[in-house]
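Presented below is the structure to which this report refers.
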Amino acid sequence: GSGGEDTRLNLLGVQPDESEADYMNKLFEGVVANVESIDARIQEFARGWTLDRITRVDLAILRLGVYEMVYSSLAPAVAINEAVELANAYSTDKAGSFVNGVLGSLVRAGAREAAAPAEAGGAQAASDESAQNAPGTDGAQ
């Protein structure tokens, strides 16, 4: 298919007629359609980290997690758990903690309430935690 559909399906071994394919495509298309808002939330809650400093794998995991938490009916705890599992499996030793810190701060700030980017200032608690647990670092900024 065009637009990477074959890659998306082959990467996970999913066949186009399986229910997982529909869900995977919904997630992908949802992230693409809302990437600006999603990235704004990640930027807000990954205090001290610009998007270009976050590894591509971690950014992809964070984008999926934010999408599931903000734009779907999936329980935030489930979305966070899935994202942390992905980070632990496919990224650095500290990535799971970083992803947990960013997404947990989003939940604590009540960001699920509105689909628009949250106002700045709601993530003070995440500032130290997410920076200390950033992937590929020893916690120093």
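Can you pull out the residues in the stretch 53-78 that are outside any helix (DSSP H, G or I), in contact (Cβ under 8 Å) with a residue 12 or more places away in the chain and among the hydroxyl-bearing types (Ser, Thr, Tyr)? Walk me through it before giving the result.
Step one: of the stretch 53-78, the residues outside any helix (DSSP H, G or I) are 54-55, 72-75.
Of the ones still in play, those that are also in contact (Cβ under 8 Å) with a residue 12 or more places away in the chain are 54-55, 72.
Residues satisfying the conditions are 55, 72.
Kindly establish whether residue 115 is modelled with pLDDT under 95, among the aliphatic types (A, V, I, L, M) and outside any helix (DSSP H, G or I). The answer is yes for residue 115.
Among the residues of the stretch 53-83, those identified as open to solvent by 30 Å² or more (accessible area, probe 1.4 Å) and either among the β-branched types (Val, Ile, Thr) or farther than 18 Å from residue 31 by Cβ (or both) are 53, 55, 57, 75, 77, 78, 81.
Would you check if residue 85 is at pLDDT 50 or above and not in a loop (DSSP other than H, G, I, E, B)? Yes; evaluated as a whole, the condition is true for this residue. Filtering the stretch 20-52 to residues that are without any contact (Cβ under 8 Å) to a residue 60 or more places away in the chain and buried (at least 21 other Cβ atoms within 10 Å of the Cβ) leaves only 38.
The values are calculated or read from the model by the stated rules, or taken from the named source; none is laboratory data. Since this is a predicted model, take the numbers as computed values, not measurements. Cβ atoms come from the backbone with ideal geometry, glycine included; neighbour counts cover every protein chain shown. Surface areas here come from the heavy atoms of the whole protein model, side chains and all, with no ligands, DNA or RNA. Shrake-Rupley method; radii C 1.70, N 1.55, O 1.52, S 1.80 Å.
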